[in-house]
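A short worksheet on the structure shown next.
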Amino acid sequence: MKVHLDCFPCFLRQSLIALRLGTDDEALQEAVLKSTLEYIRDTDTSQPPAYTTTFIHRKIRQMLGKDPFLEIKARYNRIALNLYPSMKALMDKSPDPLCTAARLAIAGNIIDFGIFTSVDIEGTVDRALNTNLAVDDYAAFRDAVADTDEILYLTDNAGEIVFDRLLIEHLTASGKKIRAVVKGSPVINDSTMFDAEESGLTKICEVIENGSDAVGTILPWTSSGFQKAFSAARLIISKGQGNFETLAGIDKNIFFLFQSKCHVISNELGLPQSAMLLKKS
């Protein structure tokens, strides 16, 4: 995935979303926005958009002196936890709990405040459970899960991590050893160890940090410990569009669970925007 010209206005839009969450001071918003233009101008178009987005959000956090997404992350962890009992009941009653859990995990990927300013969680859950996935490699996913005892699970966003917990609970109940991965420090509304604890995930499986504040998973920017875990993993479940941007094409057994939330990626995949995917690497 490379930067397209259509990514440039999106960089600005994402900056505005973060700034409006982080401060009501319009003079500060203007100053920070102008500072991010340097990174947009110097974008390396041979790299995924996640590279430029990472630089932009580092600058925003630095100039605001705080994480602008902290409050909304906590709010959507609470919202998702309130939905957890009903979603778990759906999974437990399903004739194919693994399929239902995977679809719920994909539905949770709608919680992305780097891109959206509001989300319809219940409507997205209904769509995930009752319509066809645009890319559906579930049969290969089911076989890959059955064929391994250990799985590396790359989480994406806060709130969404509760949906990941459902899939991970089913996998652990099936005898799988799961190592879930969160970011080493805040970036956008991506999950950190705090979110893993708040969602209850740390009580379900081992959770490790990747040592990075990058959008997606930019392997050279992650810790040596995470790189070893990634290299050794026989099966990787990768959540979210950012992870797809940065890991697609890597020679590993990865299943990408996400929603295609921008038209650039959708066009690259030949799919409509908001398509839901369970895609084998």
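The values are calculated or read from the model by the stated rules, or taken from the named source; none is laboratory data. Values in this document were obtained by computation on a predicted structure and should not be read as measured data. Heads up, the Cβs are rebuilt from the backbone with ideal geometry, glycines too, and the neighbour counts pull from every protein chain shown.
Going by the structure shown, is F230 in a helix (DSSP H, G or I) and hydrophobic (A, V, I, L, M, F, W, C)? Criteria met by F230. Here S191 meets the list (1) farther than 21 Å from K66 by Cα; (2) crowded, with 21+ Cβ neighbours inside 10 Å almost entirely, failing just condition (1).
Go through the stretch 43-101 and give me each residue that's in a loop (DSSP other than H, G, I, E, B) and either surrounded by 15 or more Cβ atoms within 10 Å (Cβ to Cβ) or of a type in the set (S, T, Y) (or both). If you could, list the steps in order and put the result at the bottom.
First pass over the stretch 43-101, keeping only residues in a loop (DSSP other than H, G, I, E, B): 43-48, 65-69, 94-96.
The answer is T43, T45, S46, Q47, P48, D67, P68, F69, S94.
When each of A101, A89 is tested for being touching a residue at least 40 places away in the same chain (Cβ under 8 Å) and farther than 28 Å from V32 by Cα, the lone residue that passes is A101.
Yes/no per residue for (1) part of a loop (DSSP other than H, G, I, E, B); (2) among the acidic types (D, E); (3) over 26 Å from Y138 (Cβ atoms):
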| site | (1), (2), (3) |
| --- | --- |
| V181 | no, no, no |
| G184 | yes, no, yes |
| T202 | no, no, yes |
| A214 | yes, no, yes |
| I237 | no, no, no |
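Condition first: among the polar types (S, T, N, Q) and part of a helix (DSSP H, G or I). Can you find one or more residues in the stretch 143-153 that meet it?
At the first step, the residues of the stretch 143-153 found to be among the polar types (S, T, N, Q) are 148.
The next check asks that each one be part of a helix (DSSP H, G or I); those that pass are none.
For the stretch 143-153, residues among the polar types (S, T, N, Q) and part of a helix (DSSP H, G or I): absent.
Within the stretch 150-166, the residues that satisfy the criterion of being under 15 Å from the mean Cα position of the chain (by Cα) and within 21 Å of A74 (Cα to Cα) are L154, T155, D156, N157, A158, G159, E160, I161, V162, F163, D164, R165. Inside the stretch 104-127, can you point out the residues that are surrounded by fewer than 20 Cβ atoms within 10 Å (Cβ to Cβ) and not in a helix (DSSP H, G or I)? Within the stretch 104-127, I115, F116, T117, S118, V119, D120 qualify.
Yes/no per residue for (1) basic (K, R); (2) under 17 Å from F113 (Cα atoms); (3) modelled with pLDDT of 95 or more:
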| site | (1), (2), (3) |
| --- | --- |
| L21 | no, yes, yes |
| D24 | no, no, yes |
| V32 | no, no, yes |
| Y39 | no, no, yes |
| T45 | no, no, yes |
| R58 | yes, yes, yes |
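Tallying residues that are in a loop (DSSP other than H, G, I, E, B), under 19 Å from the mean Cα position of the chain (by Cα) and β-branched (V, I, T) within the stretch 128-142 yields 0. Taking the stretch 32-59 as the range and being hydrophobic (A, V, I, L, M, F, W, C) and under 20 Å from the mean Cα position of the chain (by Cα) as the test, the residues that pass are A50, F55, I56. Restricting the stretch 239-281 to residues that are within 16 Å of the chain's Cα centre (by Cα) and assigned to a helix (DSSP H, G or I) leaves a set whose member that is surrounded by the most Cβ atoms within 10 Å (Cβ to Cβ) is G242. Name the residues in the stretch 132-148 that are loosely packed, with under 12 Cβ neighbours inside 10 Å and either of a type in the set (A, V, I, L, M) or in contact with a strand residue (DSSP E or B) (Cβ under 8 Å, 6 or more places away or on another chain) (or both), would you? Once the filter is applied, which keeps residues that are loosely packed, with under 12 Cβ neighbours inside 10 Å and either of a type in the set (A, V, I, L, M) or in contact with a strand residue (DSSP E or B) (Cβ under 8 Å, 6 or more places away or on another chain) (or both), the stretch 132-148 yields A139, A146.
Residue by residue through the stretch 196-238, note down the ones that are among the acidic types (D, E), over 23 Å from A144 (Cα atoms) and either touching a helix residue (DSSP H, G or I) at 6+ places or on another chain (Cβ under 7 Å) or in contact (Cβ under 8 Å) with a residue 24 or more places away in the chain (or both).
First pass over the stretch 196-238, keeping only residues among the acidic types (D, E): 197-198, 206, 209, 213.
Narrowing the set further to residues that are over 23 Å from A144 (Cα atoms) leaves 197-198, 209, 213.
The answer is E198, E209, D213.
Residues being of a type in the set (G, A, S) and in contact (Cβ under 8 Å) with a residue 60 or more places away in the chain: count how many of those fall in the stretch 1-43. I'd like the intermediate steps shown before the answer.
Taking the stretch 1-43 and keeping what is of a type in the set (G, A, S), we get 15, 18, 22, 27, 31, 35.
Restricting the remaining residues to those that are in contact (Cβ under 8 Å) with a residue 60 or more places away in the chain gives 18.
Adding up the residues that qualify gives 1.
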